[in-house]
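Here's the structure, in structure tokens; my notes come after.
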């Protein structure tokens, strides 16, 4: 109890600015080459949404601290000084004057006074009183019991902190998924540029071969136009793929939360003149096992569960206000110094009971609101559970399908490359035609595009599966 009290007092004395967190200045340059892990690290350090969730945790922790403070006494020293000036206006005072006179008498006789009518005078005065003084007092207040309201409020606050914590973890995982997807998109665009460049080279060779045969007289001049058209189309495709790479670079920088005009240089999965190799399939994962893991680890599901519990506590707190509420408080005041009155102690125990005999439906309305918010949280929990099942089922199926597509596309590349080499050789010997080369070239390019797309779709689906399982954040598993 003593440590808990000291911890609360220490947290209460912390400056508010120390609890806030803001996004640090973004770097103007990125590592080159940029690995996926480095990209994730930068995003977790620079993404504003990460800091928004941290602020929400700070806010929920502050509300929890406020709720916990209800269990402890409050000690409040107070010094009060007063300077009071009182003026009494129009005070009346009466003065009675009774003059006497001496009457004349004959010689040798004592004079006799003659009393006349008294003279009464009335005066008006103002009086001012100045009272100055002060005193130091210390008040101790402790709530003894309140019918369980503190327990309900603290339960609601604790669940709110849990929800904020899981919300922060969910944001981290969503950020990691976004960065991973954008990272593979830029690698996909980069490898499609390689395919398009190779396609341009092959069509350039076809044009040169046709021009050589036309010069030798073995081919009609009109046959070169098809090869030139194919070359121009390949150059257009190359430009489109290069533009896709620029768009993917911009999307990745946005996901990282950085501001730089320099292009992103991701670390390729293969050599500069080669396509990426087939990914390893990894251990087999059944749908039932994946769903079990997802329901156990998904932070958004656990966040919503904490919200449901928090709403349950809020509803219980609202229901307590519909009946008889009893509260007991103890107060002790010590008057240490007092220039105007007595010094000493004053203690009291206050018992308060109340019942909402008539409040025009205010309490019942609060209960209905609490019930609606609890039911809403429960329905959202079921919605999230269903969404998780869809995410897991889709990611498991897509991941397996993309791996099979990559395997088939690799076999297609091998066969298409042999067919293309044979068509070129046959044309050099004057056996084949340019149409044979064009068809073989299109088949090879299609197989390469499908292969590259399937590989990066596999990696993206694998990242989505790890996110669906709630296990893509290695630091918080």
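Please treat every number below as a calculation from the coordinates, not as lab data. The shown structure was predicted, so the numbers you read here are calculated from the model rather than taken from an experiment. No Cβ is skipped: glycine too gets one built from the backbone with ideal geometry, and neighbour counts run over all protein chains shown.
A few notes on this one:
- A straight chain from residue 85 to residue 72 at 0.36 nm per residue would run longer than the Cα-Cα distance by 0.6 nm.
- Sorted largest first, extent of region 19-72 alpha carbons per principal axis (Å): 56, 19, 14
- In the chain, the longest principal axis of the Cα atoms and the axis of helix 362-428 are about 20 degrees apart.
- Computed across the chain, the Kirkwood hydrodynamic radius from all distinct Cα-Cα pairs reaches 31.7 Å.
- Residues listed by number, region 159-185, amide nitrogen under 20 Å from residue 390 label point at 7 Å toward C-beta: 171, 174-175, 177-178
- Largest to smallest principal axis extent of the C-alpha atoms in region 242-317, angstrom: 65, 39, 17
- Förster-model FRET efficiency, 41 Å R0, residue 418 and residue 254, C-beta, rounded to 0.05: 0.45
- Gained length - residue 358 relative to residue 242, 0.36 nm times residue gap less alpha-carbon distance: 34.4 nm
- Relative intensity, log₁₀ I(q)/I(0), of region 370-440 from a Debye sum that treats every alpha carbon as a point, q = 0.12, 0.16, 0.19, 0.27 Å⁻¹: -0.59, -0.73, -0.82, -1.04
- Here the average projected area of the convex hull drawn through the C-alpha atoms of region 278-331 stands at 8.2 nm².
- Protection-proxy order for peptides 221-227, 196-202, each taking the mean of Cβ atoms within 10 Å per residue, highest first: 196-202, 221-227
- Whole-Å distance, taken between Cα centres, linking region 386-438 and region 150-225: 18
- Size descriptors for region 175-274: radius of gyration and Dmax over Cα atoms are 18.8, 63 Å.
- Between 0 and 90°, nearest 10: helix 2-13 axis offset from the chain longest Cα axis: 90
- Spherically averaged projected area of the convex hull of Cα atoms, region 122-229: 26.1 nm².
- Gain on full extension, evaluated as 0.36 nm per residue between residue 37 and residue 214 minus their Cα-Cα distance, stands at 58.3 nm.
- Over the chain, dividing the summed -39,500 (n - 2.57) contributions of all DSSP H runs of at least 4 residues by the number of residues returns a 222 nm mean residue ellipticity of -21500 deg cm²/dmol.
- Relative contact order %, the chain, counting alpha carbon pairs below 8 Å whose residues are six or more apart: 21
- Between 0 and 90°, nearest 10: helix 299-320 axis offset from the chain longest Cα axis: 20
- At q = 0.09, 0.10, 0.13, 0.18 Å⁻¹, base-10 log of I(q)/I(0) for region 247-379 (Debye sum, equal scatterers on each alpha carbon): -0.73, -0.78, -0.93, -1.10
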